[in-house]
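Taking it in order: structure first as C-alpha cells, then the write-up.
What follows draws every value from the coordinates through simple rules; no lab data is involved. If you're wondering where the values come from, they're calculated on a predicted model, not measured in any experiment.
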Amino acid sequence: MEVSEFEHLAVSLRQKVVGTGCNLGLSVSEAEDIAQNVMLKLWSMHENLEQYRSIDALAIVMAKRLILNERRRKPTSPLEEKLNLIADHGNMPNELLEKKETEAWIIKKIDSLPTTQHTILYMRQVEKRSNAEIAQILGIEKDSVCALLSKARASLLNDIRQRMEAEEKRMSKL
C-alpha cells in the first residue's frame, strides 16, 4: 500500500477506532491515544495490508485488544469500577472537580455506615455474595442480612437525596 493510500484510509479508520474506544467506555482522549497506537501499528504493517479482507475490521480488533491490554495493566478495585460508571460529563476542569468531589463524598458516606452494614453492603455489592453466603460468613440470620442491607441502602439513598436537595437550594439562590 502506498503512503498516499494509507493517509487517505487512516482518516476514516481513526474516526472508527475513536468511536469504538468511546463505545467501550473510554474518554475521548483515551480513545484518541488508542487510535494513535492502532495507526502506528497499521503503518508498521502497511506493506502487507492488502492481504486482509477488511482493514476496518482489523483496526477495530486491534483497538479492542489494546483497550483490553490497557485495562489488564491497570487493575482497579471493584469500588473504583462502580464509581467509573458515573457518567463522564466532559473534560472541563470544573466538571472533573465536581466528579472527584462526588466520588469522595460517596466513599465517605459508605465508610461512615455502621461496621456491620458496611461489611454487608461491601460483600453484597462488591464481592457479589448472596444473602445466604453473607449470613453464613457473619454468623447471623439471612433475614438480618436483608434488613441490614436494606438499612444501609436506605441510609445512602437518604444522604444522596439530602445532598441533592441542598444543591438545588444552593443553585436556586444563584
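A few points about this structure:
- Computed over the chain, the convex hull of the alpha-carbon atoms projects to a mean area of 14.8 nm².
- 222 nm mean residue ellipticity, helices alone, for the chain (DSSP H n ≥ 4; -39,500 (n - 2.57); rounded to 500): -26000 deg cm²/dmol
- Space enclosed by the convex hull of the alpha-carbon atoms of the stretch 3-73, per residue, Å³: 80 Å³
- With a threshold of 19 Å on the Cα-Cα distance, the over-threshold entries among K100/K128; K99/K151; K16/K41 are K100/K128; K99/K151.
- Global size of the stretch 78-173: 16.0, 51 Å for Rg and Dmax (C-alpha atoms, Rg to one decimal, Dmax whole).
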